[in-house]
Amino acid sequence: MKSSKIEFCTDSWNPVTGCLYDCPYCYAKSIAHRYGGHKTLEYYMALERPIDTSVFRVLETPVLNELNRQKESYPFLFAPTYERYRHDEFDRAARKAPGNVFVCCMGDLFGSWIESWVIEEVFERVLGAKKHNYLFLTKNPSRYDELTFLPGGIRPDNMYFGATIDSQGMAKSILEKQIERLNFLCIEPILTAVDLGEFLDYSPGKIEWVILGAENGNRKGKVVPKTAWLQHVSTVCKSRGIPLFMKRGHTPAGKLSLLEKALGVDFRQEYPASLAKNALA
Ligand code: SF4
């Protein structure tokens with residue numbers, strides 16, 4: 001667990017990295033490819049060898065760079081990997097002041113390729129450090145049914161389960177049937193107009209928080225959201241009393257982000273009361 005630059009949390013912990021969804025805008029994947037891979041002699045001698053993403057790897061110890069003996073980050077790039085040794089890192093770092101910990105921001109812990117025992121072990125760890133809040137996000141919230149792993153099948157108040165959506169189509173396919181499984185939504189990056197109204201009204205009070213962000217980076221085909229899309233999400237959340245956290249993304253300090261420019265005085269970074277107490281840890 002370490003301090004995070006992600007604006008809506010204080011820390012992140014990545015026992016599982018990698019993801020097979022292959023979203024074209026994936027920032028985590030670009031980080032893994034920029035800083036990861038076997039930077040070892042073996043790697044340099046076998047650069048052509050593709051990394052097999054069909055294998056789910058479990059690392060009991062870190063992969064060390066053969067030259068400097070430092071831990072490799074993302075040794076298998078973005079191929080799904082359970083870095084089990086990070087449980088010990090978590091236990092040491094969990095002594096920090098209470099914070100909001102984003103679990104697995106560098107992958108999808110609930111992807112269909114993740115074996116259930118892995119999720120169970122991750123839950124065991126966070127259940128042992130109750131002073132923090134834990135945020136989970138996935139594009140596959142059907143697996144939140146496996147929360148029966150939790151004692152009594154009950155979700156503790158400090159664990160928040162969210163879904164990431166990027167478009168109205170994804171909102172419909174996930175929220176129409178699965179909103180009951182969720183505590184919060186992350187619309188990032190917003191790629192189309194998204195109308196949450198009807199879904200929120202299926203289940204009033206169920207969604208406690210919405211996060212909204214635009215695409216970062218300069219990829220070819222990058223979607224720049226229309227102001228009207230952002231305003232609509234803002235209006236829908238406000239009318240239902242749902243806190244909305246708008247991301248500044250990678251905008252340097254002192255400069256206005258895309259969302260700030262588009263929304264002016266409506267730009268806001270709100271938390272539900274239960275997360276606000278740990279937001280500045
Ligand atoms: S679901 Fe998330 S982690 Fe997976 S590829 Fe898409 S953006 Fe990346």
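Before moving on, here are some points about what is shown:
- Across LYS206/LYS238; LYS172/LYS206; LYS177/LYS226; LYS5/LYS96, pairs whose alpha-carbon gap is larger than 20 Å: LYS177/LYS226
- Size descriptor, Kirkwood hydrodynamic radius, that averages inverse alpha-carbon separations across the range 160-263, Å: 14.0
- Contact order relative to length of the chain, as percent, for alpha carbon pairs under 8 angstrom and 6 or more apart: 16
- Each Cα pair under 8 Å and six or more residues apart adds its separation to the average, and for the range 221-281 the resulting relative contact order is 34 percent.
- D (Stokes-Einstein, µm²/s), Kirkwood Cα radius, the chain, 0.890 mPa s at 25 °C: 124
- Spread over its residues, the convex hull of the C-alpha atoms of the range 169-230 is 89 Å³ per residue.
- Highest average first, the peptides 184-193, 218-227 ordered by how many other beta carbon atoms sit within 10 Å of their residues are 184-193, 218-227.
- D (Stokes-Einstein, µm²/s), Kirkwood Cα radius, the range 228-281, 1.002 mPa s at 20 °C: 176
- Percentage of interatomic Cα-Cα distances in the range 74-226 larger than 28 Å: 25
- Column: log10 I(q)/I(0), Debye, Cα scatterers of the range 115-199, q = 0.14, 0.24, 0.27 Å⁻¹: -0.52, -1.16, -1.36
- Ordering of 137-144, 66-73 by burial proxy (mean other Cβ atoms within 10 Å per residue, highest first): 137-144, 66-73
FYI, it's all coordinate maths here, none of it is from the lab. No experiment lies behind these values; they were computed from the predicted model shown. We place every Cβ from the backbone using ideal geometry, glycine too, and count neighbours over all the protein chains shown.
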